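Below is one structure, written out as structure tokens, with a few remarks after it.
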Ligand code: F6R
């Protein structure tokens, strides 16, 4: 979703802004813009990619040692040059970039129009910058005071950077429910919605608290104010560039690199689990009779896997909710419930809101997140960090398998706490978990060629069906999601037993049907479901463990994965499905790292 980068220092701002915008591209956007400040503000905005903006700027004035940049993912108003950020106030005195949503923008706009303000764009962001100017004029306030007053009128979420042409070297930055960090270098400031845009020049970092205005002037120490204009403190923490630096290495895309580094990311998740808040989490578990998991998209699929695992091995009831639906359910949450939010980014607005609802009811909360210091990590009582490393590909791959690995560790922790497994059983499962990175490496190398070959048979299809049973059912729906996200082929995932209740009507000759067969008591049943599919001449692709025997002629294509205990299968089976989606999308010439319309962190509800 939208991204912000801003700079104030002694260097030329333009290359810093463009570099930052390129690093933000992975989040998903449909237009980009910059404003550099050199006495006047030079504004340039373009729909399309950052490269389109760069070509457009070639013969434009982009000079200045200060500037603001933005990638926009359209919400209020379509993706046009005019709606792209930065936005300016009516007098052009104020220039602003904004992430988030001003929910009451309509009533604020009507009030401003009543007072003679005119609007150039359809965005809620323009309303905010105009509102600041209205406060400046009406009450003769400083820019900072006017910003504070305006934000007290605003409902919704925001991360904002504001420049006033009358305050030459100054930027103001503030956030609410939307991330914004300040990198502090040698007499220079970098402001961004994501610290991975910072380079080695940032020596320290400030994670701005909500509703705190940072006043950042070139060559001066930062000063922080409340919205009521009282000076407040903010922590300055050391910034470790190595932790956020990312590159594709020798891979053709970030997504492919992330798929192929899953042995390492999973290792980090498993090693890091013991360093999470394990003692406190154990205490929470002692007073827990029911777990409610809330998440979106791929993370929701992890939640379904967790439901199967925790119910089977830890004998605790689990419910899984779409975070976006949580507020519409009248859950009777009580003090023996535990709500777990799962999120790769840690910034998903729906998941954040769902956890806040749980907290407001006094329920214990845990977050399973990859995004360090993310909003969701800060909301939850306790955090399990995935430590998978930054995921740049918009479609989640390594974060998903790390979520599943953390969930396996959590399942064993619950089983130990609730004594649903003996110590010997826990130790045996732990020993298998420790072999997981090895199994993952083996699966990556054994399934790559086959997935590539099968992709040729799928890439021309208009749609595909994915089937699974038991613990492999969520893996089938995740496989379908990956295919649709990156190759734009319509795909549906179903529990295979449900097929005869409707989706079987869709089966026709050559329809790709991808079936995930587990080596447990569900195998015989799913095999008979595949027979129903084959009888209708669909093209059958089976992902199965080596030791599972298929009736002759049942599958057109088979990808064998190692013989692992069935509780490891969700992770192992995900790998060929990721590769299948990847190579299909590649054959179709899709932009795999940044699929259309998708955003890496979905910060709107
Ligand atoms: C799919 C994907 C999305 C996310 C969803 C939730 O590949 O990445 O479905 O899983 O938007 O995002 P997080 O996990 O960041 O809360």
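I'd like the orientation of helix 523-534 relative to the chain: the angle between its Cα long axis and the longest Cα principal axis, in ° from 0 to 90, rounded to 10.
80 degrees
Using the Kirkwood formula on the Cα atoms of the stretch 358-504, what hydrodynamic radius do you get, in angstrom to one decimal? Mind showing how you got there, number by number?
Details: mean 1/r = 0.0545 Å⁻¹.
Here the Kirkwood hydrodynamic radius works out to 18.4 Å.
First check a/c for the stretch 256-434, with a ≥ b ≥ c the square roots of the eigenvalues of its C-alpha gyration tensor; if it is under 1.5, answer rounded, and if not, answer prolate when a/b is larger than b/c or oblate otherwise. Present the calculation step by step, with values, prior to reporting the outcome.
Values: a/c = 1.70, a/b = 1.05, b/c = 1.62.
Oblate, since a/c reaches 1.5 and b/c is not below a/b.
Report the far tail of the P(r) of the stretch 179-296, meaning the percent of Cα-Cα pairs longer than 25 Å.
Details: 3544 of 6903 pairs.
Pairs farther apart than 25 Å: 51 percent.
Taking the Cα centroid of the stretch 325-361 and of the stretch 121-138, what is the distance between the two, rounded to the nearest whole Å?
Each part reduced to its Cα centre gives a spacing of 33 Å.
Could you give the semi-axes, largest first, of the ellipsoid that matches the chain, computed as the square roots of 5 times the alpha carbon gyration tensor eigenvalues and rounded to whole Å?
Details: eigenvalues 413, 145, 94 Å².
Values for the chain, descending: 45, 27, 22 Å.
Can you give me the distance in nm between label points at residue 588 and residue 92, each placed 7 Å from the Cα along the Cα-to-Cβ direction?
4.5 nm
Roughly how many Å is it from the Cα centre of the stretch 434-511 to that of the stretch 10-70, as a whole number?
40 Å
Take every DSSP beta bridge whose two residues both sit in the chain, then give the antiparallel share in percent to the nearest 5. List each step's numbers first, then the result.
Working: 62 of 104 bridges.
Beta bridges within the chain, antiparallel portion: roughly 60 percent.
Using only Cα atoms and rounding to the nearest 10 degrees, what angle (0 to 90) does helix 398-418 make with the longest principal axis of the chain?
Compared with the principal axis, the helix lies near 70 degrees.
Calculate the length of the line joining the C-alpha centroid of the stretch 158-181 to that of the stretch 565-587, in whole Å.
First find each Cα centre; the distance between them is then 43 Å.
Based on the Cβ-Cβ distance of residue 246 and residue 75, what FRET efficiency does E = 1/(1 + (r/R0)^6) give at R0 = 25 Å, to the nearest 0.05?
0.40
What's the exposure ranking of 327, 144, 453, 27, going from fewest to most Cβ atoms within 10 Å? Display every interim value, and only then the final one.
Values: 327 15, 144 21, 453 12, 27 25.
Lowest to highest Cβ neighbour count: 453, 327, 144, 27.
Taking 0.36 nm per residue of sequence separation and subtracting the Cα-Cα distance, how much length would be gained by fully extending the chain between residue 226 and residue 422, in nm to one decimal? Could you put the intermediate results ahead of the total?
Working: separation 196, 0.36 × 196 = 70.56 nm, distance 5.40 nm.
Stretched out fully, the residue 226 to residue 422 stretch lengthens by 65.2 nm.
If we count other beta carbons within 10 Å of each Cβ, what is the order of 121, 603, 397, fewest first? Don't skip to the end; give the middle numbers.
Details: 121 18, 603 27, 397 31.
Neighbour counts put them in this order, fewest first: 121, 603, 397.
Taking the beta-carbon count within 10 Å as an exposure proxy, list 602, 129 from fewest neighbours to most. Let's see the in-between values first.
Numbers: 602 21, 129 26.
The most exposed by this proxy come first: 602, 129.
For helix 349-360, what angle does its Cα long axis make with the longest principal axis of the chain, in degrees from 0 to 90 and rounded to 10?
90 degrees
Read the figures in this text as sums done on the coordinates, not as results from a lab. Computed from a prediction, not measured in an experiment: that's the story for all the values here. We place every Cβ from the backbone using ideal geometry, glycine too, and count neighbours over all the protein chains shown.
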